[in-house]
Amino acid sequence: MEAMVPIPLREAIDEGCFGEETPLGEIERRLDQYFSVEPGVTRASLMNLAIYTEHPETLAADDESLNRITRNHACRALLLGILPDREGLSVRCWIKARCQLGPDGKGRLCSEQVTFLLGGDCQSCLTNLVFSHLRSDLPLVMWWRGELSHHFQESLYTSIDRLILDSSRWAHPVPQFAKIAQAVTAPTGRLSDRRGQLLVHDLAYTRGHQHRRAVAVLFDPPAARCFLPEINRIEIVHTPAHRHTGLYLAAWITRQLGAELVERVGASYHYQRPGGGRISLSLLEQSDGSAAIPSILLEGGGGRFEVIASAASPLLEIRSRFGVHQTGSFLPGPGQTDEDLVNDILMRGGSNLLLAQVLPRMAAML
């Protein structure tokens with residue numbers, strides 16, 4: 001198995017990055033032992049949180065992601081690294097505690113972490129071995145890094161309550177979205193929401209949360225809202241890695257306007273309103289800039305409404321000009337890292353119904 005371990009991962013293991021290596025059958029006993037002998041330590045868990053990756057060379061970075069998330073969310077953390085397929089089956093495990101100072105500044109609140117490195121035919125491992133180490137009375141949130149592979153099967157996703165993914169990293173998004181569509185219709189036996197279905201969060205969608213809020217704020221004034229039926233041109237600028245965020249924003253805006261897609265020509269989309277009006281939407285790529293969405297523009301009826309990512313600060317500038325009115329202000333921008341976005345998702349929770357409504361419109365634009 002050592003020959004299959006990438007060098008960066010082998011170095012992380014040698015440095016003790018994942019804690020104490022532990023036999024599979026000893027995991028729970030050793031965790032119980034640690035928390036029983038360490039003074040002033042409280043075992044805290046609000047959820048099971050798993051990070052899954054089939055790129056083991058990134059496992060140390062994923063471990064650091066868990067470190068950042070557990071500062072705000074106490075959990076039973078699982079880090080799941082899958083080695084390339086090989087004959088036979090191999091499992092290595094490590095345990096450690098991630099601790100923060102308690103409210104009194106003396107005691108420590110600790111999340112427990114179990115890291116698995118799996119090789120060979122690990123599908124049965126995921127369902128029969130790994131998930132036997134969940135806190136059974138708590139929901140399971142899984143952050144799936146990368147493509148949805150053949151390991152994303154019903155026996156796995158029906159054990160998940162909340163799935164976090166990032167479609168902007170997918171090389172072939174159409175079949176990937178088909179897998180998601182199938183997964184959300186399968187009932188789950190775990191805690192989930194009252195519908196008993198898998199809840200999905202796409203980081204590509206979450207990156208546009210503050211932009212959606214900014215567009216809504218632009219049309220809060222009644223005088224501005226009167227221009228909504230007049231909007232006939234939309235322009236969304238995105239950076240190369242964030243086309244899906246731009247597509248989600250386009251799908252959300254046109255849904256709010258009640259318009260349906262009738263034609264696509266390259267990066268231009270044409271929509272029809274129920275009353276017969278037309279909307280032209282352009283999705284433009286900008287190679288420079290750190291923001292996922294540098295700007296959004298809506299025009300029509302003599303009105304102009306803009307959301308602009310500030311180059312000098314993590315803020316969104318909103319501008320509007322209609323009639324004799326001209327306004328401008330700033331709003332908080334989106335999270336800067338994937339961990340920020342995951343923290344936001346875990347903080348808000350909810351059933352994420354808006355994504356479920358927007359996703360089919362977005363997928364039709366791919």
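What follows is calculated from the coordinates using simple rules that are stated; it is not laboratory data. Quick caveat, the model's predicted, so the values are computed rather than measured. Cβ sites come from the backbone with ideal geometry, for glycine too, and all protein chains shown count toward neighbours.
Counting only alpha carbon atoms, the long axis of helix 353-363 and the longest principal axis of the chain meet at about 70°. Of all the options Ala224, Ala267, Ala74, the one that moves most in a Gaussian network model of the chain with Cα springs shorter than 10 angstrom is Ala267. For the chain, the longest principal axis of the alpha carbon atoms and the long axis of helix 243-256 meet at an angle near 50°. In terms of other Cβ atoms within 10 Å, Arg264, Arg169 run from fewest to most in the order Arg264, Arg169. For region 198-223, the residues whose backbone nitrogen is under 18 Å from a point 7 Å from the Cα of Ala356, taken along Cα to Cβ, are 198-203, 205-206. Electrostatic tally near Thr22: other residues with Cβ closer than 11 Å to its Cβ, Lys and Arg +1, Asp and Glu -1, net 0. Phi angles of region 157-164 translate, via the Karplus equation with coefficients 6.51, -1.76, 1.60 and θ = phi - 60°, into HN-Hα couplings of 6, 6, 9, 9, 8, 9, 10, 10 Hz per residue; Gly and Pro are given as x.
Considering only alpha-carbon pairs that sit under 8 angstrom and 6 or more positions apart, the relative contact order computed for the chain is 12 percent.
If you plug the beta carbon distance of Leu101 and Glu15 into 1/(1 + (r/R0)^6) with R0 = 22 Å, you get a FRET efficiency near 0.30. Taking GluC sites (Glu not before Pro) as exposed when their DSSP state is a loop state and no more than 15 other Cβ atoms lie within 10 Å, the longest site-free interval of the chain runs over 88-366. From least to most packed, judged by other beta carbons within 10 angstrom and beginning with the fewest, Ile345, Ile51 follow the order Ile345, Ile51. What the Cβ-Cβ distance of Asp220 and Phe35 gives, at R0 = 41 Å and to the nearest 0.05, is a FRET efficiency of 0.25. Among Ser149, Ser36, Ser65, sorting on how many other beta-carbon atoms sit within 10 Å of each Cβ, with the fewest leading, yields Ser36, Ser149, Ser65.
Let me have the 222 nm mean residue ellipticity of the chain computed from DSSP H runs of 4+ only, each contributing -39500 (n - 2.57), with the sum over all residues rounded to the nearest 500. Taking each H run of at least 4 residues, the total per residue is -8000 deg cm²/dmol. Axis of helix 338-348 versus longest Cα principal axis of the chain: the two differ by about 80°, to the nearest ten degrees.
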